[in-house]
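For reference, the structure is listed below as structure tokens.
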Amino acid sequence: MDIKNVTVAGGGVLGSQIAFQSAYCGFNVTVWLRSEGSVGRAKPKFERLRTIYLNTLEAMKTNPQAYCRGLAPSPDMSAEEIDQLKARADAALNNITFTLSYEDAARDCDLVIEAIAKNPEEKIAFYTELAKHLPEKTIIATNSSTMLPSAFAQYTGRPEKYLALHFANEIWRNNTAEVMGHPETSKEGFDKVVTFAQAISMIPLELHKEQPGYILNSLLVPFLSAAEELLATGVADCETIDKTWMLATGAPLGPFRILDIVGLTTAYNIGIMDPRSKDPGTVQGKVAALLKGYIDEGKTGVNAGEGFYKY
């Protein structure tokens, strides 16, 4: 395994999860953030993840339903084996450092996973500056769920070592990793990222061509958008929409519970990529205004303690 030192850019919902899971699996992890304020907002997410990992592993001792594929290789583990995994989870933060410095983020880095906001200008600025500091060996992967790697490859300074690595939310439980290259991505770089995904207990899902939304979000985003439109146009409240979906399909969660897990800021950033969202008279504009209202009140989802629901 060539990859040992991993830098995760961004400490949001998925950035924090990717970093913590990588540290849990024994990698040296650096989290690059823009400001001291970002560090202050990120650190509680990591503490929350440690608590989730410890509590879930403890529950696995007596409850088979608590098993999570990203935390343990098998549901049939002894209490002693689970305690060893708990020790790993408890120590994971010791394998994570936080930095505001591009130089520190790039130093001896084998893999960068970019998980910053879904803003093309911010991504370009990040890649352009990062390229000045990276060792030649470093592979860059973006966790962007909607933007194609070919749109940014030229700014990385190493298009053949740039591709997408997209994770599902709650990666300790939903342990998928979509690996998607662009026309210039080398097979060697692609294969190394697949191997890394396996090493952090993910199931790699290899895409054969670029696709906006990859596999997961090509299915999920239209579903969530339909729910948002029903709410924004006054058809029904979020509780009724969720109840309808859960009762009719047997799904454990409705779309608004899922949106709270994903994070309303992420949903908003995806929505405003549609030019129609700029017109408040359109359905897309009403959805954008709805989400913006929640965000402005600090109701951004589970991590904030409140989104469409309270936690």
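Observations
- Qualifying positions in the range 135-149 - buried (at least 17 other Cβ atoms within 10 Å of the Cβ) and farther than 22 Å from Gly271 by Cβ: Thr138, Ile139, Ile140, Ala141
- Flag if Leu247 is at pLDDT 95 or above, within 20 Å of Gly301 (Cα to Cα) and hydrophobic (A, V, I, L, M, F, W, C): no
- When Gln65 is tested against the conditions (1) under 20 Å from the mean Cα position of the chain (by Cα); (2) over 22 Å from Phe27 (Cβ atoms); (3) assigned to a helix (DSSP H, G or I); (4) at pLDDT below 95, the lone failure is (1).
- Taking (1) over 23 Å from Gly301 (Cα atoms); (2) surrounded by fewer than 16 Cβ atoms within 10 Å (Cβ to Cβ); (3) touching a residue at least 24 places away in the same chain (Cβ under 8 Å) in turn, Leu57 satisfies each apart from (2).
- Qualifying residue in the range 195-218 (condition: over 26 Å from Asn269 (Cα atoms) and basic (Lys, Arg)): no
- Sub-7 Å Cβ pairs linking a first residue in the range 183-200 that is assigned by TED's automatic domain parsing to the domain that holds Ala151 to a second residue that is in a loop (DSSP other than H, G, I, E, B) and crowded, with 18+ Cβ neighbours inside 10 Å, at least 6 apart or interchain, are Phe190/Gly181; Lys192/Ile3; Phe196/Ile3; Ala199/Cys25; Ile200/Cys25, ordered by first then second residue.
So that you can scan it fast, the table gives a plain yes or no per residue for (1) modelled with pLDDT of 95 or more; (2) assigned to a helix (DSSP H, G or I); (3) over 19 Å from Gln211 (Cα atoms); (4) touching a His at 6+ places or on another chain (Cβ under 9 Å):
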{"site": "Asn94", "(1), (2), (3), (4)": "no, yes, yes, no"}
{"site": "Phe98", "(1), (2), (3), (4)": "yes, no, yes, no"}
{"site": "Ile116", "(1), (2), (3), (4)": "no, no, yes, no"}
{"site": "Phe126", "(1), (2), (3), (4)": "yes, yes, yes, no"}
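- Enumeration of residues in the range 169-210 that are touching a strand residue (DSSP E or B) at 6+ places or on another chain (Cβ under 9 Å), hydrophobic (A, V, I, L, M, F, W, C) and not in a loop (DSSP other than H, G, I, E, B): Ala177, Val179, Met180, Phe190, Val193, Val194, Phe196, Ala197, Ile203, Leu205
- Here Lys243 fits the description: charged (D, E, K, R), in a helix (DSSP H, G or I) and surrounded by fewer than 21 Cβ atoms within 10 Å (Cβ to Cβ).
- Within the range 1-24, if we keep just the residues that are farther than 11 Å from Ile96 by Cα and hydrophobic (A, V, I, L, M, F, W, C), the residue that is surrounded by the fewest Cβ atoms within 10 Å (Cβ to Cβ) turns out to be Met1.
A quick yes/no check of all residues on (1) aliphatic (A, V, I, L, M); (2) out of contact with any helix residue (DSSP H, G or I) (no Cβ under 6 Å at 6 or more places or on another chain):
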position: Leu219; (1), (2): yes, yes
position: Glu229; (1), (2): no, no
position: Ala232; (1), (2): yes, no
position: Lys286; (1), (2): no, no
position: Ile295; (1), (2): yes, no
position: Lys299; (1), (2): no, yes
position: Gly305; (1), (2): no, yes
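- Checked against (1) within 25 Å of Ile52 (Cα to Cα); (2) surrounded by fewer than 21 Cβ atoms within 10 Å (Cβ to Cβ), Glu114 passes all but a single condition, namely (2).
- Near pairs, Cβ below 6 angstrom, 6+ apart or cross-chain, from the range 160-176 (at negative phi) to any residue that is crowded, with 19+ Cβ neighbours inside 10 Å and among the charged types (D, E, K, R): His166/Glu178
- Residue ID - surrounded by the most Cβ atoms within 10 Å (Cβ to Cβ), chosen from residues in the range 150-182 that are within 11 Å of the chain's Cα centre (by Cα) and either among the small types (Gly, Ala, Ser) or not assigned by TED's automatic domain parsing to the domain that holds Ile18 (or both): Ala177
- Annotation note: Cβ proximity below 9 Å between a residue of the range 69-83 that is modelled with pLDDT of 95 or more and a residue that is aromatic (Phe, Trp, Tyr) and not in a loop (DSSP other than H, G, I, E, B) (sequence gap 6+ or interchain) occurs for Gly70/Tyr24; Leu71/Tyr24; Leu71/Tyr53.
The values are calculated or read from the model by the stated rules, or taken from the named source; none is laboratory data. No experiment lies behind these values; they were computed from the predicted model shown. Neighbour counts run over all protein chains shown; Cβ positions are idealised from the backbone, glycine included.
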